[in-house]
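Novice: First the structure, then my questions, so here it is.
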């Protein structure tokens, strides 16, 4: 959905295929200053697919990376442990997003 209700209010909902949840972005939704949102999480089924898609779209992404005993390590988690493979990126406004890999069975 992408609707412009008036010059000061526009809403675009981004819902991944098969998902029951999405993100709403737009104009007039919040008083927050653009670029001030930090650490919003998006869950994906396959981090490598996201890296490939982002590269295709020209989006700079950090990662993948994971954590071992609280220390960040480059690359996919060796056993693809749920919730322990990460990517991150900044949108054009400067908001920071974190992408976490969560296999379908979770």
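Novice: Across region 32-41, which residue is nearest to residue 82 (Cα to Cα) among those that are surrounded by fewer than 14 Cβ atoms within 10 Å (Cβ to Cβ) and in contact (Cβ under 8 Å) with a residue 12 or more places away in the chain? I'd like the intermediate steps shown before the answer.
Specialist: We begin by selecting, within region 32-41, every residue surrounded by fewer than 14 Cβ atoms within 10 Å (Cβ to Cβ); these are 32-36, 38-41.
Now drop any that are not in contact (Cβ under 8 Å) with a residue 12 or more places away in the chain, which leaves 34-36, 38-41.
Details: 34: 31, 35: 29, 36: 28, 38: 22, 39: 18, 40: 18, 41: 14 Å.
Per the stated criteria, the residue is 41.
Novice: Let me ask something else about it. Going by the conditions given, is residue 50 under 12 Å from the mean Cα position of the chain (by Cα) and surrounded by 12 or more Cβ atoms within 10 Å (Cβ to Cβ)? Don't jump to the end; show me each part of the working.
Specialist: Values: under 12 Å from the mean Cα position of the chain (by Cα): yes; surrounded by 12 or more Cβ atoms within 10 Å (Cβ to Cβ): yes.
So residue 50 fits the description; yes.
Yes or no, residue by residue, for (1) touching a residue at least 24 places away in the same chain (Cβ under 8 Å); (2) surrounded by 14 or more Cβ atoms within 10 Å (Cβ to Cβ); (3) part of a loop (DSSP other than H, G, I, E, B):
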site	(1), (2), (3)
13	no, no, no
25	no, yes, no
30	no, no, yes
43	yes, yes, no
54	yes, yes, no
59	yes, yes, yes
78	no, no, yes
93	yes, no, yes
97	yes, yes, no
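Novice: Of the conditions (1) touching a helix residue (DSSP H, G or I) at 6+ places or on another chain (Cβ under 6 Å); (2) at positive phi, residue 94 satisfies every one except a single condition; which number is it?
Specialist: (1)
Novice: Here's another thing I want to ask about it. Mind listing whichever residues of region 94-106 are within 21 Å of residue 26 (Cα to Cα) and touching a strand residue (DSSP E or B) at 6+ places or on another chain (Cβ under 9 Å)?
Specialist: As a first pass, look at region 94-106 and keep what is within 21 Å of residue 26 (Cα to Cα): 94-99.
Hits for region 94-106 are 95, 96, 97, 98, 99.
Novice: I would also like to ask the following. Would it be correct to say that residue 92 is farther than 30 Å from residue 7 by Cα and at pLDDT below 90?
Specialist: On the way: farther than 30 Å from residue 7 by Cα: no; at pLDDT below 90: yes.
Against the criterion (farther than 30 Å from residue 7 by Cα and at pLDDT below 90), residue 92 does not qualify.
Novice: Restricting the search to region 61-76, which residues are surrounded by fewer than 13 Cβ atoms within 10 Å (Cβ to Cβ) and part of a loop (DSSP other than H, G, I, E, B)?
Specialist: Across region 61-76, the qualifying residues are 69, 70, 75.
The values are calculated or read from the model by the stated rules, or taken from the named source; none is laboratory data. Note that this is a predicted model, so its numbers are computed, not measured. Neighbour counts run over all protein chains shown; Cβ positions are idealised from the backbone, glycine included.
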